[in-house]
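Worksheet: one structure, shown below.
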Amino acid sequence: MSTSCSRLSRRRFLKTTTTAAVTFPTLCAFGQELRVKIDRIEVFPVRYPTHGFFKFFSGPRGEPGLGVVIVKITASDGTIGWGQSVPTPKWAYESLETATVAIRRYFGPAMIGHDPTDIAGANQIMDRTIKPAFSTGMPITRAAIELGLHDLTGKLMGVSLSQLWNRPRGGPISLSWTINARTLDDVESLVEQGRQRGYRHFNIKVAPDPKFDVALAKKVRALAPNAFLWADANGGYDPQTALEAAPKLADVGVDVLEAPIRPNRISGYQALRRQGALPILMDEGVVSPVELVEFIRLKMIDGVAMKPARCGGLMSNKRQIEIIQDAGLMWLGSGLTDPDISLAASLALYGAYGLDKPAALNGPQFLAADVLAKPLQIEDAVAQIPTGPGLGVDVDQDKVLALMNAGKSKADD
């Protein structure tokens, strides 16, 4: 941390945040007052047990569950921040094993001695440690470090994330139920499962078969006529098929179409947006604010499905929401089947920025374990925003260790 940072007491910091946004010089000054450094970073690779079918579950050798890397960041004064990454090789190029190694041998050691409240500086260090390619290097992996630093910073300062950003806490957040149907005969029971748990909005997995997808959407819409219905192709159509499918999906009641084609099919996205059958949102293709600005300039998208877990953490995703809002485009809240810690971060972000559509945060739907001392408050498909300092949750390390020991993997070698 620069010695030019002016000293700032906690009382003065809190007074400042009531009237102005928290800037990084302010955080730097507060860090100078605290004089804390990152002392150590511990890594816990785990597999959360799951229930229900979801196409992104299971490892390459058939290991059950969702691979997750939990990170514990301890400051020199003993304060602890917790982070979490959700590397999903069936969705992107990062795995439980690569994420574990990258944090243990690269990102983690590079952070030792750094001011934990200087999150912008930490992101610069991670950029130097594993260089960006087209966009941020290993963004899903490094989200664990970045979330952990937000948690640690909030705890050091005694403020929640919304207070750190000088925004209202917002919320609560309505959740959307994911329909990943393998046959049309599955649809009614899957919708009913969601309804039994209080869900009234649905997101459906589509592609590559548009005939099946249209029938699926039609059936869900008939069962839930007042729902917000969100179709996500995960880049599974080719451009011509997407152009044929979009009007048909619109005709049967789909509200938005997410990631219809792979993000490198730029002309295809431009054609879909010109077609105008449905709002076209990007997901996998937007990692940093840089490409988001470029894609908006190229008139490729109507909006973005946000995911802090995807784009390196909260700082990047927060800036992306601001860019989308300034452009007058749409943003939705989504995730990578985020468990407890990452889910808390997403809820805090979406609440602070006033998300007004149901969020496709399906961790509560599919995951059968947690590592929190007290679970997140979710009732009738409505999630409350955590209120404590940092991410607002307390992690039970015994639960973390038990989950890690229950699902030992090659990542621990």
Checking Ile323 against (1) in contact with a Pro (Cβ under 9 Å, 6 or more places away or on another chain); (2) buried (at least 19 other Cβ atoms within 10 Å of the Cβ), only one condition comes out false. Which one?
(2)
Which ones in the range 364-381 are surrounded by fewer than 20 Cβ atoms within 10 Å (Cβ to Cβ) and of a type in the set (Asp, Glu)?
Glu379, Asp380
Scan the range 383-410 residue by residue and report those that are within 14 Å of Trp82 (Cβ to Cβ) and either of a type in the set (Lys, Arg) or in a strand (DSSP E or B) (or both).
Gly390, Val395, Lys399
How many of the residues making up the range 118-152 are of a type in the set (A, V, I, L, M, F, W, C), within 20 Å of Ile70 (Cα to Cα) and outside any helix (DSSP H, G or I)?
2
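Filter the range 355-382 down to the residues that are part of a loop (DSSP other than H, G, I, E, B) and among the β-branched types (Val, Ile, Thr) and list them by number.
Val371
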Single residue of Ala345, Ala305, Ala309 found to be in contact with a His (Cβ under 8 Å, 6 or more places away or on another chain) and either in a helix (DSSP H, G or I) or not assigned by TED's automatic domain parsing to the domain that holds Ser160 (or both)
Ala345
Out of the range 258-287, which residues are over 21 Å from the mean Cα position of the chain (by Cα) and of a type in the set (Lys, Arg)?
Arg265, Arg273, Arg274
Applying the selection to the range 72-93, what residues are crowded, with 17+ Cβ neighbours inside 10 Å and among the aromatic types (Phe, Trp, Tyr)?
Trp82, Trp91
If I go through the range 312-342 residue by residue, how many of them are farther than 19 Å from Pro87 by Cα, in a loop (DSSP other than H, G, I, E, B) and out of contact with any strand residue (DSSP E or B) (no Cβ under 7 Å at 6 or more places or on another chain)?
1
For the range 153-212, which positions are assigned to a helix (DSSP H, G or I), assigned by TED's automatic domain parsing to the domain that holds Pro386 and among the basic types (Lys, Arg)?
Arg195, Lys211
Residue that is nearest to Asp118 (Cα to Cα) [pool: residues in the range 151-206 that are of a type in the set (Ser, Thr, Tyr) and within 20 Å of the chain's Cα centre (by Cα)]
Thr153
Ile140 meets each of (1) outside the structural domain of Met306 (by TED's automatic domain parsing); (2) more than 17 Å from Ile385 (Cβ to Cβ); (3) out of contact with any Cys (no Cβ under 9 Å at 6 or more places or on another chain) with one exception, condition (3)
Of the residues in the range 36-59, those that are of a type in the set (Gly, Ala, Ser) and in contact with a Gly (Cβ under 9 Å, 6 or more places away or on another chain) come to Ser58, Gly59
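The values are calculated or read from the model by the stated rules, or taken from the named source; none is laboratory data. On a predicted model such as this, the values are computed, not experimentally measured, just so you know. With ideal geometry, Cβ positions are generated from the backbone for all residues, glycine too; neighbour counts draw on all protein chains shown.
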